[in-house]
1. What's the longest piece of the chain with no exposed trypsin sites (Lys or Arg not before Pro), counting a site as exposed if DSSP puts it in a loop and it has at most 16 other beta carbons within 10 Å?
2. So for W95, W6, fewest C-beta neighbours within 10 Å to most, what's the order?
3. Check the straight Cα-Cα distances from K170 and name the aspartates and glutamates below 19 Å, setting aside those fewer than 8 residues away within the same chain.
4. Just check the range 36-191 against the gyration tensor rule for me: Cα atoms, a ≥ b ≥ c as the square roots of the eigenvalues, rounded for a/c under 1.5, and otherwise prolate or oblate depending on whether a/b exceeds b/c.
5. Which cross-chain or sequence-distant (5 or more) residues have an amide H under 5 Å from the amide H of L79, H modelled 1.01 Å from N in plane?
6. Rounded to the nearest Å, what's the spacing between the alpha carbon centres of the range 67-100 and the range 104-182? Just the number, please.
7. Amide H of D184 versus every other amide H placed in the peptide plane: which residues, excluding those fewer than 5 positions away on the same chain, fall under 5 Å?
8. Report the calculated FRET efficiency for R137 and D32 (r = Cβ-Cβ distance, R0 = 35 Å), to the nearest 0.05.
Amino acid sequence: MTSAPWCSHYDAGVPPTLEPYPSRTLIDFLADAARDRPSDPALLFKGATVTYAQLERLSDACAAAFAAIGVKRGDRVALLLPNCPQFFIAQFGAWKLGAIVAPLNPIYTEHELEGPLRDHGIETIVTLTRFYARVKRVQPRTSIKRVVATNIKDYFPPHLKLLFTLFREKKDGDRVALAPGDHDLVHLLLVNRGHTRPAAAVSPDDP
């Protein structure tokens with residue numbers, strides 16, 4: 001096999017490929033890190049830290065929560081979230097069930113949001129509360145059955161959470177009342193903390 005032209009720029013001793021690749025997924029690597037380096041930071045967000053052990057526990061709780069509300073292997077779970085801890089918690093939670101994560105651009109208009117939700121038969125969406133009204137307006141024209149909302153402040157450090165609650169939350173549209181039947185992510189994680197998530201064998205060949 002001929003090396004690609006960019007390989008000539010690699011440092012001495014760096015191989016052109018890491019093959020054979022291990023038959024492992026990011027779920028496995030997270031479990032390794034949670035076991036071997038539990039207190040190391042996995043996520044840094046607005047001055048707060050989520051460790052590998054915390055991310056493992058939270059995503060386990062999320063997997064159990066998703067299963068409890070009806071998500072199963074092969075289902076698509078849409079994430080209408082910016083870069084925040086909730087994205088990773090929901091992503092790993094869905095993966096641990098064998099569900100397929102469908103990230104959506106948070107700046108999508110209603111029209112842009114409707115297409116992928118409808119065309120791919122997505123029934124579950126995790127959204128920031130700031131986008132909740134947009135999701136609810138689109139929901140009747142899609143197959144969405146389960147809406148899970150999360151506030152951007154949920155993983156802020158305490159002092160920032162207080163300031164945000166006092167001065168920004170209502171003004172920025174993050175304080176919302178959920179419709180009956182919709183779910184709050186923090187509550188779902190709390191009530192499913194410590195629950196055993198359904199066993200789902202996930203391999204690198206899974207979608």
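1. On the way: sites that count: R24, K46, K72, R73, K145, R168, K170, K171, R175, R193.
For trypsin sites (Lys or Arg not before Pro) (loop position, at most 16 other Cβ atoms within 10 Å), the longest site-free span of the chain is 74-144.
2. Values: W95 22, W6 8.
Exposure proxy ranking, most exposed first: W6, W95.
3. Qualifying aspartates and glutamates at Cα under 19 Å: D154, D184.
4. Details: a/c = 1.86, a/b = 1.17, b/c = 1.59.
Oblate, because a/c is 1.5 or more while a/b does not exceed b/c.
5. HN-HN under 5 Å from L79: A102, L104, V126.
6. Each part's Cα centre sits 15 Å from the other's.
7. HN-HN under 5 Å from D184: A149.
8. On the way: r = 42 Å, r/R0 = 1.21.
Computed FRET efficiency for R137 and D32: 0.25.
Where a number appears in this text, it was derived from the coordinates with a stated rule and is not lab data. Computed from a predicted structure; not experimentally measured. Please note: Cβ atoms are built from the backbone with ideal geometry, for glycine as well, and neighbour counts cover all protein chains shown.
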